[in-house]
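A quick write-up on the structure given underneath.
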Amino acid sequence: MSLPYQIATLLYCFNEQEEVLLLERAQEPNLGLWSPCGGKLRTDIGESPYVCACREAQEELGVARSPSDFRLTGVVSEHGYLGQSHWLMFLFELRPQLKTLPPPHREGRFEFFPREELPGLRLPQTDRERIWPWFWQHRGGFFAAHCECRSDGTHQWALEESRPVKTE
């Protein structure tokens, strides 16, 4: 399928109560759905995923962060997402916890949610199916996954690398 390739970061942010920050998107992709904030890499200037994460934290959350504040938890590629493009996404956890709720902006509005409330939210289908479960399983570790998005709305997933945190 000849579609444009988008490269983006997603920022998984938490407050002191370990609630996750989500953005109710006011724009496509995923209009009206709750997802982590983030954005596309500026490939025209050769921006790295870590620098993109820092820029997005400043633009969307209003917080200045350095690359060392982020931990790469996962890399997800989606082939033919919504039939519109291919995506390569770098999933970063912001290690310093947020103390306040960021204000709304052009991308949407923010809210903190306890983990157990996520199944009741309007989430992108791929997030609900695999990305969130794999994020929780690998938080503090690392995973890489690929999703073949089919025209009938189904997805074929492959977990290509899995390094969950070992618990003793």
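Across the stretch 122-139, which residue is farthest from THR9 (Cα to Cα) among those that are hydrophobic (A, V, I, L, M, F, W, C) and either free of Cβ contacts under 8 Å to residues at least 40 places away in the same chain or touching a Lys or Arg at 6+ places or on another chain (Cβ under 7 Å) (or both)?
This residue is TRP136.
For residues that are closer than 24 Å to LEU98 by Cβ, part of a helix (DSSP H, G or I) and either open to solvent by 50 Å² or more (accessible area, probe 1.4 Å) or out of contact with any Phe, Trp or Tyr (no Cβ under 6 Å at 6 or more places or on another chain) (or both), tally how many sit in the stretch 119-168.
Total meeting the criteria: 11.
From the list VAL51, VAL76, VAL63, VAL20, which residue is over 24 Å from PRO133 (Cβ atoms) and within 16 Å of the chain's Cα centre (by Cα)?
So the residue among VAL51, VAL76, VAL63, VAL20 that is over 24 Å from PRO133 (Cβ atoms) and within 16 Å of the chain's Cα centre (by Cα) is VAL51.
Quick one: GLY32 ticks every box in (1) in a loop (DSSP other than H, G, I, E, B); (2) out of contact with any helix residue (DSSP H, G or I) (no Cβ under 9 Å at 6 or more places or on another chain); (3) open to solvent by 30 Å² or more (accessible area, probe 1.4 Å) bar one, so which box is it?
Of (1) in a loop (DSSP other than H, G, I, E, B); (2) out of contact with any helix residue (DSSP H, G or I) (no Cβ under 9 Å at 6 or more places or on another chain); (3) open to solvent by 30 Å² or more (accessible area, probe 1.4 Å), only one is false for GLY32: (3).
Taking the condition of being touching a Gly at 6+ places or on another chain (Cβ under 7 Å), crowded, with 17+ Cβ neighbours inside 10 Å and assigned to a loop (DSSP other than H, G, I, E, B), how many residues in the stretch 1-29 meet it?
Here the count works out to 0.
Select from the stretch 35-68 the residues that are among the aliphatic types (A, V, I, L, M) and open to solvent by 60 Å² or more (accessible area, probe 1.4 Å) and write down the one among them that is farthest from ILE7 (Cα to Cα).
The selected residue is ALA64.
The values are calculated or read from the model by the stated rules, or taken from the named source; none is laboratory data. For clarity, every value in this text was computed on a predicted model and none was experimentally measured. Because the Cβ atoms are built from the backbone with ideal geometry, glycine has one as well, and the counts that use them run over all protein chains shown. Side chains included, ligands, DNA and RNA excluded: accessible areas come from the protein's heavy atoms. Shrake-Rupley method; radii C 1.70, N 1.55, O 1.52, S 1.80 Å.
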